[in-house]
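Student: The structure's right below; bear with me while I get my questions together.
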Amino acid sequence: MTQEIWTIKDVLSWSIGFLQKSGSESPRLDAELLLAEALDCRRLDLYLDYSKPLEQSERNRYKDMIRRRAQGEPVAYITGRGGFFGLTFNVSASTLIPRPETEHLVEHMLENTAKDSVMRVLDIGTGTGCIALTLKHHRPNWTIEAWDVSPEALAIAHSNAANLKLDVEFREVDALNIETWGEDRQKFDMIVSNPPYIAASETDVMSTSAIKFEPHRALFADKNGLIFYSSFAENLPRILQAKGKVFLEIGYAQRSLVSSLLDEAGWTDIFCHKDLSGHDRVVIASSP
Ligand code: GLN
């Protein structure tokens with residue numbers, strides 16, 4: 001019986017074509033990331049071992065991954081990992097995949113603070129913990145607390161803190177229910193959040209893979225996507241120092257609505273920054 005030989009080069013060229021036909025926008029990158037995962041090697045190694053034949057078990061593992069990707073599942077859910085600000089985070093079906101837009105929140109917080117500064121910082125809706133843990137990585141003297149309503153997401157965040165050897169206090173809190181916030185706590189110097197902000201009516205303009213695979217609770221928000229911002233505008237001053245800063249990720253069309261909510265509640269110095277695609281993305285304001 002002759003055994004068919006498939007080298008790394010063969011499987012890559014086959015799978016790139018297959019993913020392209022099934023609608024992936026980055027078929028080569030996807031194929032490389034998944035093959036490196038299936039073979040437990042670095043992406044670079046694929047090219048160093050280009051003519052190496054795959055074992056049957058490796059081929060099976062890879063085929064299964066490619067089949068999932070062809071059905072639209074994001075690469076990060078297939079590999080169980082996503083990158084953010086140069087660090088790697090575990091992800092699961094209970095967490096959003098960290099997004100490049102969200103890196104701007106971290107960037108703006110690091111920009112105006114010294115490496116050795118000492119602050120108390122809160123991340124609301126931490127998901128994988130990517131914001132809180134990246135901040136702790138770059139600002140080791142900050143005391144960072146991070147909330148999420150989902151115990152499953154918090155388990156992932158804990159695993160990321162352990163992998164990265166970073167100390168953040170994670171708590172199960174429903175940001176919309178101030179009774180779960182805890183009492184008599186020392187106020188924070190800064191609060192950051194990338195809350196759910198998509199209105200139910202926007203599903204038709206969203207990527208189908210986000211709707212199909214990412215947790216709806218982390219994406220969608222009531223009151224036309226604004227419920228977190230209106231609650232934050234009203235309630236965050238309870239736990240944020242006067243003149244303390246809030247850093248919020250927003251949807252590309254929410255700048256004026258979110259700014260008005262903050263303005264009406266007495267917040268000052270309200271600025272909005274764009275992301276790399278030129279969309280309004282980060283609102284910064286000072287507490288009343
Ligand atoms: N803070 C997490 C992130 O930015 C999760 C955000 C969310 O679930 N809405 O990825």
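Every read-out reported here was derived from the displayed coordinates using simple, explicitly stated rules and does not represent laboratory data. Source: prediction; values computed, not measured. Cβ atoms come from the backbone with ideal geometry, glycine included; neighbour counts cover every protein chain shown.
Student: Once the dipole of the range 149-192 is set up with Lys and Arg at +1 and Asp and Glu at -1 on Cβ about the Cα centre, which of Ala162, Leu176, Ile191 lies farthest towards its positive end?
Tutor: Ranked along the dipole, the leading option is Ala162.
Student: How far apart, in nm, are the 7 Å Cα→Cβ label points at Leu257 and Asp184?
Tutor: Going by the 7 Å Cα→Cβ label model, 4.0 nm.
Student: Just how large is the dipole of the chain about the Cα centre, in debye to the nearest 20, putting +1 at every Lys and Arg Cβ and -1 at every Asp and Glu Cβ?
Tutor: Values: 31 positive and 41 negative charges, 114 e Å.
Dipole of the chain, to the nearest 20 debye: 540 debye.
Student: Also: Over all distinct Cα pairs, what is the inverse of the mean 1/r for the range 1-123, reported as the Kirkwood hydrodynamic radius in Å? Working shown, then result.
Tutor: Working: mean 1/r = 0.0601 Å⁻¹.
One over the average 1/r among Cα pairs gives 16.6 Å for the range 1-123.
Student: Hey, another quick one. Give Lys187/Lys274; Lys243/Lys274; Lys165/Lys243 a once-over and call out the pairs whose C-alpha atoms are over 25 Å from each other. Present the calculation step by step, with values, prior to reporting the outcome.
Tutor: On the way: Lys187/Lys274 29 Å; Lys243/Lys274 23 Å; Lys165/Lys243 32 Å.
Beyond 25 Å: Lys187/Lys274; Lys165/Lys243.
Student: Mind checking Rg over Rh on the chain, alpha carbons, Kirkwood formula for Rh? Show your work: numbers first, answer last.
Tutor: Values: Rg = 21.3 Å, Rh = 20.6 Å.
Checking Rg against Rh, the ratio lands at 1.04.
Student: Go through the range 224-288 and name the chymotrypsin sites (Phe, Trp or Tyr not before Pro) that are in a DSSP coil and have 14 or fewer other Cβ atoms within 10 Å of their Cβ.
Tutor: On the way: sites: Phe228, Tyr229, Phe232, Phe247, Tyr252, Trp267, Phe271; in loops: Tyr252, Trp267.
Within the range 224-288, the qualifying chymotrypsin sites (Phe, Trp or Tyr not before Pro) (loop, at most 14 other Cβ atoms within 10 Å) are Tyr252.
Student: Work out the FRET efficiency for Phe271 and Lys63 from their Cβ-Cβ distance, taking R0 = 45 Å, and round it to the nearest 0.05. Each step should come with its number before you reach the end.
Tutor: Working: r = 49 Å, r/R0 = 1.10.
E between Phe271 and Lys63, to the nearest 0.05, is 0.35.
Student: For the range 10-102, what relative contact order do you get, as a whole percent, if you take Cα pairs closer than 8 Å and at least 6 residues apart? Walk me through the intermediate numbers first.
Tutor: Values: 77 pairs, mean separation 20.8, N = 93.
In percent, rounded to a whole number, it is 22.
Student: Just Glu183, Glu101, Glu152 to compare: in a GNM of the chain, with alpha carbon springs under 10 Å, which one fluctuates most?
Tutor: Highest fluctuation among the options: Glu183.
Student: Within the range 1-107, report the chymotrypsin sites (Phe, Trp or Tyr not before Pro) that DSSP leaves as loop and that have at most 12 other Cβ atoms within 10 Å.
Tutor: On the way: sites: Trp6, Trp14, Phe18, Tyr47, Tyr50, Tyr62, Tyr77, Phe84, Phe85, Phe89; in loops: Trp6, Tyr50, Phe85.
Answer by residue number: Tyr50.
Student: If you don't mind, another one. Loop by DSSP (not H, G, I, E, B), at most 13 other beta-carbon atoms within 10 Å: where is the longest site-free stretch of the chain for trypsin sites (Lys or Arg not before Pro)? Could the numbers behind the result be given before it?
Tutor: Details: sites that count: Arg42, Lys115, Lys165, Arg185, Lys223.
For trypsin sites (Lys or Arg not before Pro) (loop position, at most 13 other Cβ atoms within 10 Å), the longest site-free span of the chain is 43-114.
Student: Which listed residue (Pro53, Gly23, Leu34) has the Cα farthest towards the positive end of the charge dipole for the range 1-71, taking +1 on Lys and Arg C-beta and -1 on Asp and Glu C-beta about the Cα centre?
Tutor: Of the listed residues, the answer is Gly23.
Student: More than 16 Å apart: what percent of Cα pairs in the range 118-159 qualify?
Tutor: When all Cα pairs of the range 118-159 are counted, 29 percent exceed 16 Å.
Student: Averaging sequence separations of C-alpha pairs under 8 Å and six or more residues apart, then dividing by the length of the chain, give the relative contact order as a whole percent. Mind showing how you got there, number by number?
Tutor: Values: 495 pairs, mean separation 38.0, N = 288.
It comes to 13 percent, rounded to a whole number.
Student: Moving to a separate point now. Does the range 197-288 come out rounded, prolate or oblate, given a ≥ b ≥ c as the square roots of the eigenvalues of its C-alpha gyration tensor, rounded meaning a/c under 1.5 and, failing that, prolate meaning a/b above b/c?
Tutor: Working: a/c = 2.36, a/b = 1.75, b/c = 1.34.
Note, shape of the range 197-288 comes out prolate.
Student: Which residue, Asp184, Asp275, Asp116, has the most motion in a Gaussian network model of the chain that connects Cα atoms within less than 10 Å?
Tutor: Asp184
Student: Would you mind telling me which residue in Leu54, Leu35, Leu262 has the biggest mean-square fluctuation in a Gaussian network model of the chain, where springs connect alpha carbons within a distance under 10 angstrom?
Tutor: Leu54
Student: Still on this model: Just to confirm a number: summing +1 for Lys and Arg and -1 for Asp and Glu over residues other than Gly266 whose beta-carbon lies under 14 angstrom from that of Gly266, what do you get? List each step's numbers first, then the result.
Tutor: Working: positive: Arg238, Lys243; negative: Glu234, Asp263, Glu264, Asp269.
Charge balance in the 14 Å sphere: -2.
Student: If we count every other residue with Cβ under 11 angstrom of Glu32's Cβ, Lys/Arg +1 and Asp/Glu -1, where does the sum land?
Tutor: Details: positive: Arg28, Arg42, Arg43; negative: Asp30, Glu37, Asp45.
Its environment carries a net charge of 0.
Student: Among residues other than Gln254 whose Cβ falls under 12 Å from its Cβ, what is the net charge (Lys/Arg +1, Asp/Glu -1)? Mind showing how you got there, number by number?
Tutor: Values: positive: Lys223, Arg255, Arg281; negative: Glu202, Glu249, Asp280.
Computed value for this residue: 0.
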